[in-house]
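The values are calculated or read from the model by the stated rules, or taken from the named source; none is laboratory data. The model shown is predicted, which means the values in this text are computed figures rather than measured ones. Cβ: placed from backbone, ideal geometry, glycine included. Neighbour counts: every protein chain shown.
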Amino acid sequence: MPLRINDKIALEDWEMTEQFVRAGGPGGQNVNKVSSAVELRFEAERSPNLPGPVKARLRRLAGRRWTKEGALVLQVSEERSQARNREVARERLAELVRAAFVKPKPRVKTKVSANQKRKRVEAKKRRGEVKALRSTPST
C-alpha cells in the first residue's frame, strides 16, 4: 500500500524496505524473543516521485539518518508492538517528506538607513566629547 504524502505524491512500497530487529526497553522476557523494533529504509535518491529540490531539502533534514547510497534510515523501537512501531516509522517518514516539500523563505538582506548611520556617528561624537571633558586640562 503506497504511503500518501499529499494529494499528488505517494511513496511506493518498492521504495521502502523494512527490517525488524530486537529492541531493548520494557517488555520482560518478550524483548529477548520478539523482533519488535523496525528499521525503515527509504531509497530517496532513486525515488521518481520526489523532485530534485525536495530530495536536497530531505537530505539536509535527515542529517545522520542519510546514507552514502542516498537512502533515509529511520529506526523505531518505542512501542512493544511490531505493527505499531511500523506505523510510527511510516508516519515519521511521511512527516519528514512533507517538511521537505516546504520551500524556505528567501532571506531578504536589509540595509542600515543613512539616518541610522548619522545618528550613530553623532552619538559617538557626543560620547567622545563627554569623555574629553573628564581628562585633566593640559597647561
- [ ] Output yes when any residue across the range 8-30 is of a type outside the set (A, V, I, L, M, F, W, C), touching a Phe, Trp or Tyr at 6+ places or on another chain (Cβ under 7 Å) and at pLDDT 85 or above, and no when none is.
- [x] no
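For the subset of the range 86-139 comprising residues that are outside any loop (DSSP other than H, G, I, E, B) and of a type in the set (G, A, S), which member is farthest from the chain's Cα centre (by Cα)?
Here the answer is A132.
Residue by residue, here is whether (1) surrounded by fewer than 19 Cβ atoms within 10 Å (Cβ to Cβ); (2) of a type in the set (S, T, Y); (3) in contact with a strand residue (DSSP E or B) (Cβ under 7 Å, 6 or more places away or on another chain) holds:
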position: E45; (1), (2), (3): yes, no, no
position: P48; (1), (2), (3): yes, no, no
position: R59; (1), (2), (3): yes, no, yes
position: G70; (1), (2), (3): yes, no, no
position: V73; (1), (2), (3): yes, no, yes
position: V76; (1), (2), (3): no, no, yes
Task: Verdict on S77 being over 23 Å from D13 (Cβ atoms) and among the polar types (S, T, N, Q) - done: no
